[in-house]
Amino acid sequence: MHDLAAGVARFQRTVFPAKTPLFAELATTHRPTALFIGCSDARVVPELITQSEPGELFVIRTAGNIVPAYSPGSDGVAASIEYAVAMLKVSEIVVCGHSACGAMTALAEGHDLTGAPAVASWLRHADASMARASRTGESVANLVRANVSAQLANLATHPSVAAALAANTLTLRGWVYEIPTGAVEELDLAGHPA
Ligand code: ZN
């Protein structure tokens, strides 16, 4: 098992000293330019994939890179989106799905989730993803793409996002990351390869 404390010690010994000026600036500055919404999957690391430095990416990671559609009485995901768009004024949001996604596999293959009721409930936010995918067959890869486009549509229901899109100050992107090759496929907003 990876030793987290040893990792912290290595960070403090070798990584931090090499970036001292950056961390000094970041102590009082938080101006990310993009919001990255990805899966919680340990294999999908936003800063690694995009080669971003600390301070550059505002990140939300959820099971299945799912973004619930806006509803009054909001949650942590909604609050993070609003903060990134309305307060930090990011100019770009990426929703990034990935190959071999456990959440999308469970849906595509109809896994029994009675032992994981919170997961089952959360994945209901991908009902529209399932509906979109069923038009083209329900391979996991198809569902991953359909889910990215469904979550982009959900994203646009958040008032801060809707306002920024109307003002032309925000761009939405859909990506699919391939774990075995490192490829990133850009999708159009309908969920097809762009
Ligand atoms: Zn995943």
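FYI, it's all coordinate maths here, none of it is from the lab. Everything numeric here is computed off the predicted structure, so don't read it as measured data. Please note: Cβ atoms are built from the backbone with ideal geometry, for glycine as well, and neighbour counts cover all protein chains shown.
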Go through ALA42, ALA27 for me and flag whichever is of a type outside the set (Val, Ile, Thr) and under 20 Å from TYR177 (Cα atoms). ALA42
State which residue pairs qualify: first residue farther than 15 Å from THR181 by Cα and inside segment 96-107, second residue hydroxyl-bearing (Ser, Thr, Tyr) and outside any loop (DSSP other than H, G, I, E, B) in any location, beta carbons under 7 Å apart, and separation of 6 or more residues or different chains. CYS96/TYR177
Of (1) touching a residue at least 12 places away in the same chain (Cβ under 8 Å); (2) out of contact with any strand residue (DSSP E or B) (no Cβ under 6 Å at 6 or more places or on another chain), ALA167 fails just (1)
Kindly indicate the residue of segment 125-137 that is in a helix (DSSP H, G or I) and either surrounded by fewer than 16 Cβ atoms within 10 Å (Cβ to Cβ) or of a type outside the set (S, T, N, Q) (or both) and also farthest from the ligand (Cβ to nearest atom) among those meeting that condition. ALA131
When only residues in segment 59-81 that are out of contact with any Gly (no Cβ under 9 Å at 6 or more places or on another chain) and aliphatic (A, V, I, L, M) count, which is farthest from the ligand (Cβ to nearest atom)? ALA79
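For every residue, the table says whether it meets (1) in contact with a helix residue (DSSP H, G or I) (Cβ under 9 Å, 6 or more places away or on another chain); (2) within 15 Å of the ligand (Cβ to nearest atom).
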residue: ALA108; (1), (2): yes, yes
residue: PRO117; (1), (2): no, no
residue: GLN151; (1), (2): yes, yes
residue: HIS158; (1), (2): yes, no
Between a residue in segment 21-44 that is within 20 Å of TRP122 (Cα to Cα) and any residue that is more than 16 Å from the ligand (Cβ to nearest atom), which pairs come within a Cβ distance under 6 Å, given they are 6 or more apart or on different chains? PHE36/LEU57
Given the criteria away from the ligand (no atom under 15 Å from the Cβ) and in contact with a strand residue (DSSP E or B) (Cβ under 7 Å, 6 or more places away or on another chain), does ALA84 qualify? yes
Taking segment 11-58 and keeping only residues that are within 16 Å of the ligand (Cβ to nearest atom) and closer than 19 Å to GLU186 by Cβ, one is left with PHE36, ILE37, GLY38, CYS39, VAL44, VAL45, PRO46, LEU48, ILE49
